[in-house]
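A short worksheet on the structure shown next.
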Amino acid sequence: MTHRIATSFAVLFIVATLHAEDGSQGWLRYAPPSPTGFPLTYEAMPAALVNLDSSVEAASAQKEMLRGVRSMLGRTLRLEATIPGNDDAWVLGTAEEIRTALPGYPAPGQADKAGPGGFTLSVVTAHGYQYWIVAGADPRGILYGAFHVLSGVARGESFGSMQGSQSPAAPVRWVNQWDNLNGTIERGYAGRSIFFDDGHVRADLTRAGEYARLLASIGVNGCTINNVNADPRLLTMIPDVARIADAFRPWGVRLSIAVAINGPQVVGGLDTYDPGDPRVAAWWRAKVDAIYAAIPDFAGFVVKADSEGQPGPSQYGRTPVDAANMLAAALQPHGGIVLYRAFVYNHHLDWNDLKADRARAAYDIFHPLDGQFAPNVIVQIKNGPIDFQVREPVSPLFAGLRETNTAVELQITQEYMGQARHLVFLPTQWKTYLDFDLRANHRSTPLKDIVDGASFHRPLGGYVGVANVGLDTNWMSHPLSMANLYGFGRLAWNPNTTAAAIAEDWTRLTFSNDPKVVATISHMLLTSWSIYEHYTGPLGLQTLTNITGPHYGPAPQSQEHNGWGQWIRADHDGVGMDRTVATGTGFLGQYPPEVAAMYTSLKTCPDDLLLFMHHVPYTYKLHSGKTVIQTIYDDHYVGAQEAAGLVAQWKTLDGLIDEQRYAKVLGLLEYQAGHAIVWRDAIDRWFKQISGIPDDQHRIGHDPDRITASRMQLDGYTPIDATIWETATDGKAYACRNRNSCTASAHLDRPAGWYSVAVQYFDYRQGVSTFTLRLNQQTIAAWAADNTLPGEAPNGDTSTRFTLDGVPLRPGDTLTIEGHPDDGEPAPIDYIELTPESARAPQKAAAH
Ligand code: GCV
């Protein structure tokens, strides 16, 4: 958090003059498009609307058109039962219905080419009247078409420019929610479940319906409502689950559930869950029949088995094919499908075994099974071979399953990507995966064409995004994180959409069409992944976060010496996993030959994945000409600086967007900029220590602007070990224990001038310690450590800073931090940093 002395009056004035928005509507705000710079072609828009289709989806489309047009253009459309012969009209319906009702459809030169789920927008002129047509290939297509029209209006597009046909790239466009029955969400960062509470389905499912509306607006057609670490008890709650399906149905979103493979034993009363046992198969058949009796449009099952402690077919010497096909047989008569996850690996790998490699697991297990899965099974594969890291190569399994349906699993919730506290726009990253050409059979086979079914002629497949929205009013906690949910839908609909188009459209819909807002936020979004990569784990090192903890702050050592296999094999001489066939784990041999060769050769392996593929000395020179170690150091400095740049960019929008979201995002970006410094310092200190190689710019450990607590005069504060040494100065935090308050004072000898004063402290999940900052005898700031960061100890998860700008200092001044512990949180501190504000005139400082 950053504050400024004596600005509160100005802030209050701004608050009073701006309209607040809470983010609850996401990108469906339906704000009037600003006329500035946009053709107002809607003058000619029909005043009537006819809906020819009787489906619930078309009813939603009709309602949405009325709502959107009224809200954006201030007009109330007149509903007509049939196409009026004496007026223009919007016409909604399936292509077939429109052809019957309007013999002129499609107009010459306006072929209707929409496939399943698709739509065609066109204008037909008959008897001198114009009919603005939203023709769905089916009821869902009508709904998607209506949302497309409304999105275009919101962005100031004319109906003319929207005309033509669109169809979704793949049939499966689902989100997975990792919601637990008790109402918590695994890796969810935006509050509790919108579906469950206290072991039950919520009585009030309003938010479930609103979520489905958001999903439908971006073409998502399925939602798995519970954690893939599935609780078998959900299988006993079908009547209540059916209520969620009812909330989804008007929006064309089909409900799916994640199932625990041991359900027959845990809730079914059998003494086994062996997929080869006929009693088990019969139990699943009966269960599936019961589900379809309650939920006729039930979509199917998602399965995580034999992974991270989940039960699986291996218990009985069976394979994923045995389990998946048994479930598929039960679902098949009803048209249901199974998404069987390929995220299966041994998390007790032997660190000392240089051939052991978690990245190999999915291919090793699933490739031999290619061609054996039932037609209604899809193997759901995470984009990379490890686990949603900041950068990984594409999983080679996508090219290893040529006679099996596949779907790519992308993570929308920012587990390893800053947990909705850091801005990371993921479509930029996802595009690198979707566009990556695996060169199967020496021909073009980009990932997007594989999961669309085109490359290997598969009838089923698609896109799954782990979304984890919660009860927070704005769905994903960080207002800018919603761009990721929106972007997932856009890419699942059309993976050729550019990240820039997604960023721009989302910004227009979510904030405004003001060119400055659009350019600034789009730029921030589009650069954010690279910024995050710079200050976390560059060169293919993975995120370098605390993998045995909350996956949040820096903790590079946690990658090593354990069974989880996210190793980077950093030692005194070098770093990186040797995954070559000749000398390493052989992982690269899982790729088709052209890709394997590209990664195997140091000449062609891209720098940004080098350390994922190779173990090299720290002094190895990259294509950039810089050594590995200096790149690691520099990238972290660059990343922290870029993160600070995000704050500056956002501040240029003050007054151009509503104060509520402006302030919320500003607070988050300031926090992020501070945390980027924590990341930078921790990773650079760690690599400097392990490599013994100094930074050629002498930055690491040389922070002339800092006064560490160890150099302050302390009253009550005592040193405690940071649980991850590199995340605090000299591995120590200073805690206030067994007292109501403690102080740390610094006597200053800086030149007189205006300074930005940052206090680096630790904010645990528990407790709300309070702090005051005094300049000589005067209190200049007070704040509470109430950010509930994910940890209960001083480390990189909890280290954060409070910043006060515009502080006039002169030699002889004393700055004092007074900490008041609360509920086990000992008001821990690390250092004060005094950054001169060079823009200010030094003589003003003398006046304080
Ligand atoms: C739902 C990672 C996450 C787990 C998650 C797992 C999975 O390991 O940390 O929370 O479990 O992936 O995708 O199954």
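Remarks
- Per-residue ellipticity at 222 nm, computed for the chain from helices alone with -39500 (n - 2.57) per DSSP H run of at least four residues, works out to -9000 deg cm²/dmol.
- The Cα center of region 67-131 and the Cα center of region 355-369 differ in position by 52 Å.
- The Rg/Rh ratio of region 659-724, with Rg taken over Cα atoms and Rh as the Kirkwood radius over Cα pairs, comes to 1.09.
- Between the amide H of Arg173 and those of Asn221, Gly222, Tyr463, distances stay under 5 Å, these residues lying 5 or more places away or on another chain, with hydrogens modeled in the peptide plane.
- Acute angle (nearest 10 degrees) that the helix 482-493 long axis makes with the longest principal axis of the chain, alpha-carbon atoms: 40
- Shown here are the Rg and Dmax of the Cα trace of region 136-222, at 16.6, 51 Å.
- The simple spin-label model puts a point 7 Å past each Cα toward its Cβ; for Asn352 and Arg711 those points are separated by 4.4 nm.
- Potential lengthening of the chain between Ser161 and Ser24 amounts to 46.4 nm, from the contour at 0.36 nm per residue minus the alpha-carbon distance.
- Proximal charge balance of Ala47 [Cβ under 15 Å; K/R count +1, D/E count -1]: -1
- Angle between the chain longest axis and helix 659-691 axis [Cα atoms, degrees, rounded to 10]: 60
- Taking all Cα pairs closer than 8 Å and separated by 6 or more residues, the relative contact order of region 56-117 comes to 20 percent.
- Bridgeable lysines around Lys651 (alpha carbons under 21 Å apart, same-chain partners fewer than 8 residues away excluded): Lys516, Lys664.
- Packing, taken as the mean count of other beta carbons within 10 Å per residue, orders the peptides 730-741, 72-83 from highest to lowest as 730-741, 72-83.
- Translational D in µm²/s for region 95-253 (Stokes-Einstein at 4 °C, 1.567 mPa s, Kirkwood Rh from C-alpha pairs): 73
- Calculated FRET efficiency, Glu560 to Thr619, Cβ-Cβ distance, R0 = 25 Å: about 0.75 to the nearest 0.05.
- Euclidean distance of C-alpha centroids, region 621-661 and region 501-578, integer Å: 12
- Counting 0.36 nm for each residue step from Thr835 to Val768 and taking away their Cα separation leaves a gain of 21.4 nm.
- Its residues counted as N, the chain yields a C-alpha radius of gyration over 2.2 N^0.38 Å of 1.00.
- Dimensions (Å) - region 684-838, Cα atoms, principal axes, largest first: 45, 39, 24
- Thr718-Arg78 FRET efficiency (beta carbon distance; Förster radius 56 Å; 0.05 resolution): 0.15
- Computed from the alpha carbon positions, the gyration tensor of region 582-680 leads to an equivalent ellipsoid with semi-axes of 40, 17, 11 Å, biggest first.
- A straight Cα-to-Cα reach below 26 Å connects Lys732 with the lysines Lys688, residues fewer than 8 places away in its own chain not being considered.
- Any cysteine of the chain lacking a neighbouring Cys Cβ under 4.7 Å - listed by number: Cys223, Cys605
- Environment charge at Val768 (Cβ cut-off 13 Å; Lys +1, Arg +1, Asp -1, Glu -1): -4
- Once the C-beta distance of Asn496 and Gln777 is scaled by a Förster radius of 51 Å, the resulting FRET efficiency is 0.20 to the nearest 0.05.
- Dipole moment magnitude, nearest 20 debye, region 720-783 about Cα centre, only Lys, Arg, Asp, Glu C-beta charged: 260
- Ignoring lysines fewer than eight residues from Lys382 along the same chain, the ones with Cα atoms less than 21 angstrom from its Cα are Lys304, Lys431, Lys448.
- Rounded to the nearest 20 debye, the dipole size of the chain about its Cα centre is 940 debye, using +1 on the Cβ of Lys and Arg and -1 on the Cβ of Asp and Glu.
- Helix 320-331 vs. the chain, principal-axis angle (Cα, 0 to 90°, nearest 10): 50
- Solution diffusion estimate, µm²/s, Stokes-Einstein, region 397-481, Kirkwood Rh from C-alpha pairs, 25 °C, viscosity 0.890 mPa s: 171
Coordinate-derived values only; no laboratory data. Since we're looking at a predicted model, the values are computed, not measured. Every residue, glycine as well, gets a Cβ built from its backbone with ideal geometry; the counts of neighbours run over all protein chains shown.
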